[in-house]
Every structure is written in structure tokens, then in C-alpha cells.
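Beneath this line is the structure, given in C-alpha cells, with notes to follow.
Only the coordinates and a few stated rules stand behind these numbers; no lab work does. Only a predicted model underlies this, so the values are computations on that prediction, with no experimental measurement involved. Glycine also receives a Cβ, built like all others from the backbone with ideal geometry; neighbour counts cover every protein chain displayed.
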Amino acid sequence: MVVMKAKKEGKIKAVIFDIGGVLQESKSSYLIGRNRSAKGVHEYVAKKLGISIDQYFDSIDTIYAESIVGSQPKNKVLKIFAKNLKTSQSKLKKLYTIAYKKNFKENKKLYSFAFKLKKQGYKIAILSDQWYISEEIFAPNKVMNKFNAVVISSRVGIRKPDPKIYKLTLKKLKLPAKQTVFIDNQVWNTKPAKKLGMKTVLFKNNKQTFKDLKKLGVE
């Protein structure tokens, strides 16, 4: 009886998904400190504004990092971006929107899988680092409302790999770490999850992810 109980307590009851690079697949990436964003997005915007990528990042780096944890109001972020990049807010927002859509593709198969899991009785959640513009594009309410819990850095003021954001996700799911699995495409984001006792899957592609989840009893 004790063995059966332990097995039951360790059963996966929730699957937690990252967005960028997982539910939204990107072709390439660029490293800014600890943050990995779509390389193509920033290169596209810089090119359209007629500036070098280095000049572009020099203009946005600090405020961009702050926007990921929501420490600056949304309208102020875009205003500062536009001023530093010597363009208008409307033009800049349009460029980012086009760039994200050009460089990311919705992972329809993984979204479909997530919603199938929910129908089977699993809880599904979002745990993702996003800034205001990418959040608008990647995390519309009509989609996010289908998840049992949604934790996005710009909304909660914490970002991965801070253990607090993982703990907040578990709190929203009302589940212990050992009953959850977290899917992310960056190894440094899976490490805090593992330390908390969560199962993890390092996303490379759908086939590999489905195989790894199956090993955990999730299919």
C-alpha cells in the first residue's frame, strides 16, 4: 500500500510550457545577458531603422531588460525605445509585430497536444519570459484563458531562472513540484525547476518532446 501511494503521489498531473522557442518556434536566437530573444526580430528592426545591431542594442538594452520584468510602464517603454531609436512609437510597434510574425511560427501540434492533455484531466500552464510587445503577440487572452495557470514575467515582476517564478507557477496550479513537468528550450531555465523537484523536458523538437513526455507517463 505504501509503494502504491508513493507512486500515485509522484504521478504527473500538470504540464508547464514555455512560449518562445517552444509553443512559438523560432529559427534563430540572440544572447543579451541571460535573455535569449529572436535574433531575427532585432536584426529586422535594426535593418529597417538603418542602424547596426550593436547600436540598436545599445539603445534598448537596459529598458528592454526592465520591460521583461514589468518594472517600467508599457507606454513608457515604447516611448523610450522610440526616442533612443529616433523613430515613432507607431512605426516601432509595427516593425516589431512584423518581425515577430516573420521569425516565429506557432507550434500548432504542441498547442493541440496541450489542449488534448487538458481534456484528459491534466492541468496545463504557461511559464514564460516575455516583454510587452512579444506578450501581446504570443500570449493573447483568448489563447491564455485556455490554460489552468499563466505566469508571464512582464506580468508578475520575476523572470527565469529565478526560483520564485517556478514557485509561483506551482502555487497557481496548487500542486507539488514532483507532480509537474516543465518544458523549456534553454537548459539554464530547467535547472531551477529540477532543484525544486519538477520533472523537466528540454525542448528541441516536437518528436523528441513527445518521446520524453511519454517516458514520464504523459501522452
| said: For the chain, set up a GNM with springs between Cα atoms under 10 Å and report which of Lys191, Lys91, Lys101 has the largest fluctuation. | reply: Lys91
| field | the chain: relative contact order as a whole-number percent, Cα under 8 Å and 6+ apart | value | 26
| remark: One finds the C-alpha centres of region 145-219 and region 47-121 to be spaced, in Å, by 22
| Which of Gln120, Gln72, Gln24 moves most in a GNM of the chain, Cα contacts under 10 Å? | Gln120
| Kirkwood-type radius of the chain, with distances r between different C-alpha atoms, in Å | 18.2
| note | Rounded to the nearest 5, the percent of antiparallel DSSP beta bridges in the chain equals 25
| query | Hey, what did region 37-103 get for relative contact order, percent, Cα under 8 Å, at least 6 apart? | reply | 44
| query | For Val201, which sequence-distant residues (separation of 5 or more, or a different chain) have an amide H within less than 5 Å of its own amide H, given hydrogens modelled in the peptide plane? | reply | Phe182, Ile183, Asp184
| query | Taking the chain as a Gaussian network, where each spring joins two C-alpha atoms under 10 Å apart, which residue of Lys172, Lys39, Lys119 fluctuates the most? | reply | Lys119
| query | Given R₀ = 25 Å, FRET efficiency for Lys93-Lys142 by Cβ-Cβ distance, to 0.05? | reply | 0.80
